[in-house]
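Data block below; observations after.
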Amino acid sequence: MKWLIMFGKLATLGAWVMMGYNLLTPFDGNIGTLLKILLGVTVVMHSFQLGVFHLLFKKLLPLKASDYLQVFAFGVFALLEYRAIALAKFEAEARKG
């Protein structure tokens, strides 16, 4: 699972780089327009995931600004990572008590 998350984060980072580069130096034709639309959709979806992250994990884990930035940047791959952390914490507490 760790490899899947790392590969997903790398692919997401590549997508952010391509979409950001397209803002600075627009590609010709439809691909430039498509990348701008995808950037808008990505920002909206990752903002939604940020809200879900806050609602689900604020009670389970101590959250910092860097945690929110991770979720905004990497979306579902960061959510999967924090889910694994929360489950491990829950299992450790269940063993204690």
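In table form, for the structure just shown:
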| item | result |
| --- | --- |
| Those residues of the stretch 52-81 which are of a type in the set (Gly, Ala, Ser) and either surrounded by fewer than 17 Cβ atoms within 10 Å (Cβ to Cβ) or without any contact (Cβ under 8 Å) to a residue 12 or more places away in the chain (or both), in sequence order | Ala65, Ser66, Ala73 |
| Subset of the stretch 1-45 that is basic (Lys, Arg) and either under 15 Å from Phe74 (Cβ atoms) or touching an Asp or Glu at 6+ places or on another chain (Cβ under 9 Å) (or both) - its residue that is modelled with the lowest pLDDT | Lys2 |
| Members of the stretch 20-44 that are hydrophobic (A, V, I, L, M, F, W, C) and closer than 29 Å to Ala84 by Cα | Leu38, Leu39, Val41, Val43, Val44 |
| The stretch 1-17 residues that are of a type in the set (D, E, K, R), paired with ones that are at pLDDT 95 or above (beta carbon under 7 Å, 6 or more apart) | Lys9/Phe74; Lys9/Phe77 |
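The values are calculated or read from the model by the stated rules, or taken from the named source; none is laboratory data. Small disclaimer: the values here were computed from a predicted structure and weren't measured. Note that each Cβ is placed from the backbone with ideal geometry, even for glycine, and that neighbours are counted across all protein chains shown.
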